[in-house]
Amino acid sequence: MAEDAVTTTGIARHGATRLPSVEVDSFNIELKDDDGFLGDRASKGAFREILDTLRKPLKKNGDDPLGKKSAEEIAKSELDAALVGDDIHASALVHGAIEEFAQELAHVTGKFLKTKAWADTERIVVGGGFRQSRVGELAIARTDIILKAEDFKVDLVPIRFHPDDAGLIGTLHLAPSWIFEAHDSILAVDIGGTNIRCGVVETRWKKAPDLSKAAVWKSELWRHANDEPTREGAVKRLVKMLKDLITASEKEGLKLAPFIGIACPGVINEDGSIEKGAQNLPGNWESSKFNLPASLVEAIPEIGGHDTAVLMHNDGVAQGLSEVPFMQDVERWGVLTIGTGLGNARFTNRRKENGNGEKAKKSKD
């Protein structure tokens with residue numbers, strides 16, 4: 001199967017540890033303690049649980065300033081508004097939840113930093129849906145302060161691109177350099193436990209060969225959790241989304257590369273199968289009889305008259321890869337994605353070449 005994968009991708013193996021710009025030192029590590037997976041203590045759901053726990057004594061007295069909704073039902077925008085609103089009790093509740101969550105995130109991050117795979121990490125970018133809020137930004141900043149107080153020599157920063165775009169843009173860094181010389185855009189897919197997002201990513205390579213100015217030109221979102229499709233139904237819908245984007249790109253006059261980059265949860269094997277971690281996807285994606293890249297090549301054998309190449313990697317890795325252009329002043333760095341769980345990956349920059357035909361330079365800016 002592994003040998004077949006090279007034939008179907010035409011360029012590289014899926015889930016590779018050696019990428020054009022970085023070495024992937026580790027990804028999807030599942031740390032445990034006596035209470036279970038550590039990542040569960042620093043997930044989006046964990047923050048909501050902390051907030052509801054703080055509200056319990058107030059609910060008994062009918063004094064909950066956040067109302068009757070459970071934390072799960074309160075939108076991120078509502079929590080952000082509570083932070084700066086006139087109700088100081090509501091603001092204090094949210095701040096209290098941020099502090100407790102930051103303590104948990106710092107604890108979990110510290111455990112990662114003490115593993116061999118994460119040794120000497122200089123910077124960690126934090127992505128995922130939780131990051132896209134003021135609450136999330138404050139939690140990240142507070143975690144950074146806690147880690148420094150505990151003498152960890154690491155910086156914790158929010159991911160630059162919108163989390164919805166980062167996973168798509170990151171797949172550019174899976175691609176070989178010839179794509180950027182002959183084409184101006186690629187197809188990208190970001191698969192999650194709730195949503196599947198497809199997009200056309202403009203490389204803007206001529207403006208910035210390091211891909212720092214790459215952007216999502218157009219994207220489509222399907223909330224598959226609402227429809228509860230079969231695995232085959234999900235793939236069929238995904239193919240339709242991609243074909244619609246190909247049509248839109250042709251009408252716009254974009255030079256779309258015959259390449260599809262995929263970000264997917266779980267441990268991705270080199271043949272395109274998924275070893276574990278895909279339990280939240282519709283149907284059984286970990287079956288030895290299922291191979292998403294091969295299914296897409298079969299459904300979309302050509303793009304622009306050229307054979308389609310597909311490369312798939314872990315979704316946390318893909319989000320992290322969007323930061324490659326901005327991580328050239330450090331050697332070793334990682335990513336944490338706060339969502340349903342805590343995605344993670346650690347990278348070491350490749351200094352000989354950045355994958356786009358240019359020497360990588362260590363910047364002091």
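Only the coordinates and a few stated rules stand behind these numbers; no lab work does. The model shown is predicted, which means the values in this text are computed figures rather than measured ones. Heads up, the Cβs are rebuilt from the backbone with ideal geometry, glycines too, and the neighbour counts pull from every protein chain shown.
In table form, for the structure just shown:
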quantity: Selected from Ser185, Ser212, Ser322 as most flexible by GNM, with the chain as the system and alpha-carbon contacts under 10 Å; calculated: Ser212
quantity: Part-to-part distance (alpha-carbon centres) for segment 135-170 and segment 9-66, which is given in Å; calculated: 13
quantity: Cα centroid of segment 231-284 to Cα centroid of segment 93-134, whole Å; calculated: 29
quantity: Total formal charge among the other residues, if their Cβ is under 12 angstrom from that of Gln103, Lys/Arg +1 and Asp/Glu -1; calculated: -2
quantity: Cβ-based net charge around Asp64, under 14 Å, with every Lys or Arg adding one and every Asp or Glu removing one; calculated: +1
quantity: Exposed GluC sites (Glu not before Pro) absent - longest run of the chain, DSSP non-H/G/I/E/B, at most 15 other C-beta within 10 Å; calculated: 151-330
quantity: Rounded, prolate or oblate (a/c below 1.5 giving rounded, otherwise prolate when a/b exceeds b/c) for segment 15-157 by Cα gyration tensor; calculated: prolate
quantity: Degrees separating the helix 231-252 axis from the principal Cα axis of the chain, which is the longest one; calculated: 70
quantity: Paired Rg and Dmax values of the chain, which use every Cα atom, in angstrom; calculated: 20.9, 68
quantity: Placed amide H near Ile124: partners under 5 Å, 5+ positions off or other chain; calculated: Asp155, Leu156, Val157, Gly334
quantity: Computed FRET value (nearest 0.05) for His162 with Asp34, which takes r as the C-beta separation and R₀ as 35 Å; calculated: 0.40
quantity: Cα-centre dipole for the chain with unit charges at Cβ (Lys and Arg positive, Asp and Glu negative), debye to 20; calculated: 500
quantity: Compactness of segment 142-299 as Cα Rg over 2.2 N^0.38 Å, two decimals; calculated: 1.16
quantity: Formal net charge of residues neighbouring Phe37 (Cβ-Cβ distance under 13 Å; K, R +1; D, E -1); calculated: -2
quantity: Rounded, prolate or oblate (a/c below 1.5 giving rounded, otherwise prolate when a/b exceeds b/c) for segment 21-105 by Cα gyration tensor; calculated: prolate
quantity: Extension gain from Arg351 to Ser70, taking 0.36 nm per residue of separation minus the Cα-Cα distance; calculated: 96.3 nm
